[in-house]
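Novice: Sharing a structure with you now.
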Amino acid sequence: MLEDLLQSSTSVLLLGVIFGLLIFHVLFTSSSSKERREPPGPKPLPLLGNLLQVDLKRLDKSLFDLSKRHGPVFTVYFGLKKVVVLAGYRTVKQALVNHAEEFGNREITPIFYDFTKGHGILFSNGDSWKEMRRFALSTLKDFGMGKRISEGKIIEECHYLIKEFEQHEGNTFKNSQSIIYAASNIIAAIMFGKRFDYNDPVFQAMVERDNESIRLTGSASILIYNIVPWLGPCLKNWRDLMKNMEDNKVEMKRIITNLKETFNPETCRCFVDAFLIHKQKLEESEIKDSHYHDDNLLYSVSNLFAAGTETTGNTLQWCLLYMAKYPHIQDQVLAELDRVVGSRQVRLEDRKNLPYTDAVIHESQRLGNILPIGPPLTVSRDVTFQGYFIKEGTTVFPLLTSVLYDESEWEDPLTFNPSHFLDDEGQFIRRDAFMPFSAGRRVCLGESLARMEIFLFFTSLLQHFRFTPPPGVSEDELDLTPVVGFTLSPLPHELCAVRRQ
Ligand code: HEM
């Protein structure tokens, strides 16, 4: 009897709460939209928002579809969390470049806060971010980003990678690991002044943990965690991510400690040394509370190492997969390389004489679309954008998929077509909507290093090898479906690297 009573009063209470939330939701959304015109969007359900209308497993695609119905600036609700999505080249550029100040703050989601506690470069804001970003950019330049020193380092690494591929003697193998290690070694050389052997188990584990973390960060359960953070400990992906982060932090700290022990301010060996020298100078001039503390060192190094490894490695994997998939395009790259470079070492200055190859690289980056949604931003102050009011602090998703596949910018957005980057005379043309590195205040800090790496690795590999599907597998059978995480990477696959010279 008492149990019945309790049960019925609980049901009434529950109904009351749901009814109350419904009224609150209707009142809240209608009163705010009466005052100012906010970006339109699909009608949200109470509590769930639009969670049932989007595919969390391929969020960029479903947001792109929604943009076709609701326009280039629209609102979606992930539960109660409101997000404004920017879609299409014109809109993304207008926001990130023409309104760089308003659309230039990183959103520190719960998972990003777990990663770096607001320090470092990727997931930080304000003066600390500004100083760390400025320092990282100038130090990367000092270490040759965009210059000959890095070119030499990358060429040296190309030789290791070629040797690694040669060991398979044209037989089928998975190239993903060694490509990622090669990319990682470039950033490691700058950060720590050393390269790692591809067989070094500590290095392998560090790179593997970063890769897995990037995949897990884009998973549906981490999206849910960002909406309902107290669920974290119940989610396996969150627990795995925390463990990966912790393990990599221990490893980074160990490398930094070793460098500190052998530190000599007279000889700057790497990024870590440059940071310590700068820190020492500030201390000597008695500047207090500077941003040059251990947390910023640890997290800036971790950010650069992670951001500089998977992205570049992943792009190279797409490049080679497209070559195996489209042999007639590969043939034209090989012919151009043979004609212009021959068997000597390819160099950065060759790029201007390799328009077709350059177009193929750009097209691989465009269609590969490895970062489909730029890391979320928040609006730094109230802004009226394209006639819509967006309140300070609102989360913004720059939908890079919608830029790289924008139908009004690309003749054939869903097809691998190097002509997107060639004029009628076969000369390379820049396209404004080529924006895989995003744009504006938070534009990728490693863009010029990444572009050097991709060009030199790709051309050096193709000078030495032709890439084909495994025996018995046709080009048509090569699957271009991506693995979806925070980035889009090719499905695990095998190719043959058949020696050319
Ligand atoms: C193909 C390779 C790469 C691609 C496609 C790529 C793409 C991107 C994108 C889309 C962003 C987000 C920009 C935004 O928030 O609007 C970004 C940020 C960033 N990238 Fe890259 N990236 C690549 C390689 C690299 C490399 C090699 C490094 C390191 C040297 C690097 C370091 C960073 C850092 C530190 C940020 C954060 C910038 C900030 O928040 O201020 N990236 N990248």
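Novice: Cβ contacts < 7 Å: first residue touching a residue at least 60 places away in the same chain (Cβ under 8 Å), restricted to region 425-439; second residue assigned to a loop (DSSP other than H, G, I, E, B) and of a type in the set (Phe, Trp, Tyr), any location; separation 6+ or different chain. Result?
Specialist: Every condition considered, the pairs that remain are ALA433/TRP410.
Novice: List every residue pair whose Cβ atoms sit under 9 Å apart, with the two residues 6 or more apart in sequence or on different chains, where the first one lies in region 47-58 and is more than 16 Å from ASN226 (Cα to Cα) and modelled with pLDDT of 90 or more and the second, anywhere, is open to solvent by 80 Å² or more (accessible area, probe 1.4 Å) and assigned to a loop (DSSP other than H, G, I, E, B).
Specialist: Close Cβ pairs satisfying both conditions: GLN53/LYS43.
Novice: Which residue is least open to solvent (accessible area, probe 1.4 Å), if the candidates are limited to region 60-80 and must be more than 23 Å from the chain's Cα centre (by Cα) and touching a residue at least 60 places away in the same chain (Cβ under 8 Å)?
Specialist: GLY79
Novice: I would also like to ask the following. Looking only at region 253-270, which residues are among the polar types (S, T, N, Q) and over 11 Å from LEU298 (Cβ atoms)?
Specialist: Scanning region 253-270 gives ASN258, THR262, ASN264, THR267.
Novice: One residue is enough: does region 364-384 have a residue meeting the conditions touching an Asp or Glu at 6+ places or on another chain (Cβ under 9 Å), open to solvent by 10 Å² or more (accessible area, probe 1.4 Å), free of Cβ contacts under 8 Å to residues at least 40 places away in the same chain and acidic (Asp, Glu)?
Specialist: Looking through region 364-384, at least one residue is touching an Asp or Glu at 6+ places or on another chain (Cβ under 9 Å), open to solvent by 10 Å² or more (accessible area, probe 1.4 Å), free of Cβ contacts under 8 Å to residues at least 40 places away in the same chain and acidic (Asp, Glu).
Novice: Would you check which residues across region 103-134 are of a type in the set (Phe, Trp, Tyr) and either within 12 Å of the ligand (Cβ to nearest atom) or buried (at least 19 other Cβ atoms within 10 Å of the Cβ) (or both) and list them? Write out each step before concluding.
Specialist: Kept after step one, since they are of a type in the set (Phe, Trp, Tyr), are these residues of region 103-134: 103, 112-113, 115, 123, 129.
Residues satisfying the conditions are PHE103, PHE112, PHE115, PHE123, TRP129.
Novice: Among the numbered conditions (1) open to solvent by less than 50 Å² (accessible area, probe 1.4 Å); (2) in contact with a strand residue (DSSP E or B) (Cβ under 6 Å, 6 or more places away or on another chain), tell me where ARG466 comes up short.
Specialist: Every condition holds for ARG466 apart from (1).
Novice: Something else now. Given SER438, SER402, SER408, SER419, which one is surrounded by fewer than 18 Cβ atoms within 10 Å (Cβ to Cβ) and under 18 Å from GLY88 (Cα atoms)?
Specialist: Result: SER408 is the single residue among SER438, SER402, SER408, SER419 that is surrounded by fewer than 18 Cβ atoms within 10 Å (Cβ to Cβ) and under 18 Å from GLY88 (Cα atoms).
Novice: Which condition from (1) within 24 Å of LYS236 (Cβ to Cβ); (2) open to solvent by 20 Å² or more (accessible area, probe 1.4 Å) is the one that VAL202 breaks?
Specialist: The single condition VAL202 does not satisfy is (1).
Novice: State all residues of region 432-453 that are outside any loop (DSSP other than H, G, I, E, B) and more than 6 Å from the ligand (Cβ to nearest atom); if no residue qualifies, say none. It would help to see each step written out before you state the result.
Specialist: So in region 432-453, the residues outside any loop (DSSP other than H, G, I, E, B) come out as 440-442, 447-453.
Scanning region 432-453 gives GLY440, ARG441, GLU447, SER448, ARG451, MET452, GLU453.
Novice: Across region 225-267, what is the total count of residues that are in contact (Cβ under 8 Å) with a residue 12 or more places away in the chain and either open to solvent by 60 Å² or more (accessible area, probe 1.4 Å) or not polar (S, T, N, Q) (or both)?
Specialist: Here the count works out to 23.
The values are calculated or read from the model by the stated rules, or taken from the named source; none is laboratory data. Since we're looking at a predicted model, the values are computed, not measured. A quick note on method: Cβ atoms are made from the backbone with ideal geometry, for glycine too, and the neighbour counts reach across all protein chains shown. Keep in mind that these areas ignore ligands, DNA and RNA; they rest on the heavy atoms of the full protein, side chains included. Shrake-Rupley method; radii C 1.70, N 1.55, O 1.52, S 1.80 Å.
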